[in-house]
Amino acid sequence: AAMLKITQKIGGVTAGAFDEQGELVGFVYGLSGFRDGRLIHWSHMLGVRESVRGAGVGRHLKELQREELARRGITRVLWTFDPLQARNAHLNFNVFGVRVVEYVRDMYGENTGSELHRGIGTDRLVVAWPVKDSALAKRRKQIAAAARATKTLEVEVPGDVTAMLKSDPSGARQWRESTRAALTKAMKTH
């Protein structure tokens, strides 16, 4: 609640998706500011209820956020995601066509108390998404062209690290160590 009050004062975007009964099924939240002297929007949270995941709710919320930012004259969106979350990686790279700008080890500390990453830290990729390219078909063509023209890195991740944290915490930690080593090396040589 405190962050939402601050966002009201300095600017940001908060949007929700509701089902036919008026229940909140997803939301996107972020705030605007400056990074490296450029006006940007930091998309801090995107959440979708498990019952509607895979139905395009998250994609629609991000597109709505992007449209609002374009209206405000903001040209770049940044956010983070856990590279071990395969579903998020697919959405970010294959649907949105984001570009990695930074890898941060334990961005939010080693243990935030959340079950989503208990015992494996909070490593994150910081990604950038240009606001101008709102047409999804155009963006997919750009992704394909960029993939042919730039270096790419493939890092294997588990299909569902969240389930693995419950059933095999040691295995989840091994995945974190493996991806941490690969991403750290890649970012140093890039």
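Shown for the chain: the carbon plus sulfur share of the solvent-accessible area, taken with all protein chains present and a 1.4 angstrom probe, equals 53%.
Kirkwood radius and radius of gyration were both taken over the C-alpha atoms of the range 54-100, and their ratio Rg/Rh is 0.98. Whole-percent P(r), the chain, all Cα pairs, 10 Å bins from 0: 8, 32, 38, 20, 2, 0.
For residue 49, the residues whose modelled amide H falls within less than 5 Å of its own, excluding neighbours fewer than 5 places apart on the same chain, are 26.
Rolling a 1.4 Å probe over the protein heavy atoms gives the chain an accessible area of 61 Å² per residue.
Ordering 95-104, 61-70, 32-41 by mean Cβ neighbour count within 10 Å, with the highest value first, yields 61-70, 95-104, 32-41. Distant-in-sequence amide contacts of residue 103, defined by a placed amide H-H separation under 5 Å and a gap of 5 or more residues or a different chain, comprise 126. Between residue 110 and residue 75, the modelled labels are 4.2 nm apart [label points 7 Å from Cα along Cα→Cβ].
Taking the Cα centre as origin and putting +1 on Lys and Arg beta-carbons and -1 on Asp and Glu beta-carbons, what dipole magnitude results for the chain, to the nearest 20 debye? Walk me through the numbers on the way to the answer.
Numbers: 30 positive and 20 negative charges, 181 e Å.
That gives the chain a dipole magnitude of about 880 debye.
Backbone amide hydrogens, once placed in the peptide plane, bring residue 123 within less than 5 Å of 106, 107, excluding anything fewer than 5 places away on its chain. For the range 92-103, what does the Karplus curve 6.51 cos²θ - 1.76 cosθ + 1.60, with θ = phi - 60°, yield as ³J(HN,Hα) per residue in whole Hz, taken in order and with x for Gly and Pro? Going residue by residue, I get 5, 7, 7, 9, 8, x, 5, 10, 6, 10, 6, 10 Hz, with x marking Gly and Pro.
Note on residue 152 and residue 167: the model spin-label points, each 7 Å out from Cα along the C-beta direction, lie 2.9 nm apart.
The values are calculated or read from the model by the stated rules, or taken from the named source; none is laboratory data. None of the values given here were measured: they were computed from a predicted structure. Neighbour counts run over all protein chains shown; Cβ positions are idealised from the backbone, glycine included. Heavy atoms of the whole protein, side chains included, go into the accessibility calculation; ligands, DNA and RNA do not. Shrake-Rupley method; radii C 1.70, N 1.55, O 1.52, S 1.80 Å.
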